[in-house]
Amino acid sequence: MPATYPVLRRAAPQAAKPQSRRPLMALGLGLALALSPIAGISMAQSVPPSFADLVEKFSPAVVDITTSSIVAAQSGGQMQVPPGSPFEKFFKDFNDQNGGSPDQPMEKSEALGSGYIISADGYIVTNNHVIEGADEIEVETFGGQTLKAKLVGLDLKTDVALLKVDSPEPLPFVSFGNSDKMRVGDWVVAMGNPLGQGFSVSAGIVSARGRELSGTYDDFLQTDAAINKGNSGGPLFNVKGEVIGMNTAILSPSGGSIGIGFAMASNVVSKVVDQLKQYGETRRGWLGVRIQDVSQDVADAMGLAEAKGALVTDVPDGPGKDAGILSGDVIVTFNGKDVADSKALVRAVADAPIGEMVKVVVLRQGKLVNLDVKLGRREEAEAQADGTGDTSAPPAEPQSSVILGLTLQPGDKGLVVMDVDVASEAYTKGLRQGDLITEAGQQKVATLKDIQDRVTEAKDAGRKSLLLLVRTQGDPRFVALSLD
C-alpha cells in the first residue's frame, strides 16, 4: 500500500446545502438570550465538568455562511482529475482548449462555511477563502433566520473577511479575547458547521502556539479540537466564552480531522477587523528593509552577546534608507519595545502608525545607534514594487579560487559562486551555483583577495566563523560559515 502523507488543507467551504442547525443540538434557545454584549461566565481552569453552559450562552452568535457563484458547467466530454494531481494543469489546459467555448452552459455552485457575529448591528467575521469568488453570500443565524450579507473588506495575508448583514432586531454577538494569554494545555471550544451537517461543537486544548503556515503575519493556535471542512471562519473560544481564534486550516491526509487544526490568533484577527471596519482595507506600517533572524552562528560571526533582534540584509529606497538604516544593522528596539526576532519586528511595524516618527535602535559595529523613522504604508509600497533583483555575470577571462567549500569568481557586483562542495557546510546552509557574495565580515568584497583577507582577519580576531552576505536571485540573506 502506498504511503499517505499529511496535507495542509483549509477547513473551509463544503459544497452542500446546510441541514437544519437545531437537530444536532436542541437547546431551544431564542435570540433573546443575547441581545447585548455577551458577558463571560465563570468556569474552572481545570478540567470542566461540562461545556454546556458556555455553548448555550455563546452559540447564538455563531452563523452558517452559504456562498453561491455562477461557474462553467462541467461538460461530459471534459477530462477530470483529482485536485492536487500532478496532471491537473495539463488537463485544465486540455479542457480550456476543447470545452471552453463562449456557448458553454453555466451552472450555480454553492459552498458552505462558518462565521461569528461581533456586533449587534450585524458585523460578521469569517475566513476570506469561505467567501472568495462568491456572487452571493447568505448567513443563517442559530435561530434559523436567513440574511443577505455584503462584503465590507478582506485581507489576503491573514485570510480574514468582514461581512455585514441588516437585521430588524439586534443580533447576539461575541467578543474577542487576548490570544497571547492562551497557554499550551488550555481548554478551547470550536463551533461551526462541519461538513454541512449544521451547528456542531467540539472541544480540546491548545496544542501549540505561534504556528506559521504560509503568511507573513501568521500566528496560529494549534488545537486538537475537531475541525473539518465547513468549520472555516468559525470561532475558537476559551472557557470564558471569548473568541481567541478563528478556525482556518487542518493538517490531514484525508481531508478529515486527525486532531491537528489551526486557528488564526484573535490578536491578529481583531486588528485586521478594526481596519476593515474603519477603512474597508488594511493599512499596515512599512519600514522598507529586508531582514532575517539572528541565529547563534550569525551572532558568533558578528561578535554579538545574544542571538536576538532582526538582522538587516538589504535597504532599498524607502523609510529605512531615509532614516539611515544600513545593511548589517541589527534592529534591537522598535517603537520602545525590544525586538526578539524578525517575525516580532514585522508585526510591530505592521501595527505602528503610518506617517508618524518611530524610534528605532540598531546595533552597528558593536555600538547602539538611535534613529528616527517615518513609517510608510506597506500596501502602497507593495503596489509600487518592481521586483527587480541583482544579477551578475562573470568576467570574460575568469579567475577562480576555492574558499570555505565555495568555488568563487569575481563578478560585476561581488563574487559569483561557480560551484559548491556538496560535503561542505556552505552546501548544507543552502549556498548554490549562481549565488552572489557581496559582503564578507560586513565589508564589501569584489575580488578573491578581499574575501581571503576577511578570512584572515576573522581568524586573527579569534572568530570561529565568517559572516557572508549572499544574494540568491537578488534576495539577500546572511550566512555564517565556520573557519575551522
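All other residues with a Cβ under 14 Å from the Cβ of P168 taken together, and with Lys, Arg as +1 and Asp, Glu as -1, what is their net charge?
-2
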Note, ³J(HN,Hα) from phi for region 319-330, Karplus 6.51, -1.76, 1.60, rounded to Hz, x at Gly and Pro: x, x, 5, 4, 7, x, 5, 10, 4, x, 5, 10
Past the 28 Å Cα-Cα mark, which pairs from K271/K367; K308/K444; K57/K164; K157/K308? K271/K367
Note down the nm distance, to one decimal, between modelled labels 7 Å out along Cα→Cβ at L483 and at E212. 3.0
The alpha-carbon pair-distance distribution computed for region 164-305, with 10 angstrom bins and whole-percent values, is 11, 33, 30, 18, 6, 2, 0
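If I take every Cα pair under 8 Å that is 6 or more residues apart in region 159-253, average their sequence separation and divide by the length, what percent do I get for the relative contact order?
Values: 170 pairs, mean separation 26.3, N = 95.
Computed over region 159-253, the figure is 28 percent.
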Taking R0 as 56 Å, what FRET efficiency do you get between I205 and Q443 from their Cβ-Cβ distance, rounded to the nearest 0.05? 0.65
Ranking of K359, K229 by count of other Cβ atoms within 10 Å, fewest first: K359, K229
Quick note on M418, M246, M357, M182, ordering by fewest other C-beta atoms within 10 Å, gives M357, M418, M182, M246
Mean projected area (nm²) of the alpha-carbon convex hull when region 285-384 is viewed from all directions: 5.6
If one computes the Cα centroid of region 180-251 and of region 294-326, what distance in Å separates the two points? 35
What does the charge count near L326 come to, summing +1 for each Lys or Arg and -1 for each Asp or Glu among other residues with Cβ under 13 Å from its Cβ? +1
Under a plain spin-label model, where a point goes 7 Å from the Cα along Cα-to-Cβ, how far apart in nm are S400 and A461? 2.9
Along the charge dipole of region 285-384, Cβ charges K/R +1 and D/E -1, which of G303, V339, L368 sits furthest on the positive end? L368
How much length is gained on full extension from V184 to D475, taking 0.36 nm per residue of separation minus their Cα-Cα distance? 101.2 nm
Across region 266-282, in residue order, what do the Karplus-derived ³J(HN,Hα) couplings come to in whole Hz, using 6.51 cos²θ - 1.76 cosθ + 1.60 with θ = phi - 60° and x for Gly and Pro? 5, 5, 7, 4, 5, 5, 5, 4, 4, 6, 4, 5, 7, 10, x, 7, 8
Compactness index (Cα Rg / 2.2 N^0.38 Å), region 146-203: 1.47
Which far-off residues, 5 or more places away or on another chain, put their amide H under 5 Å from the one on G177, with H placed in the peptide plane? V243, I244
Relative contact order, percent, region 439-484 [alpha-carbon distance under 8 Å, six or more residues apart]: 35
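FYI, it's all coordinate maths here, none of it is from the lab. The structure displayed is predicted, hence computed values, not measured ones. Glycine also receives a Cβ, built like all others from the backbone with ideal geometry; neighbour counts cover every protein chain displayed.
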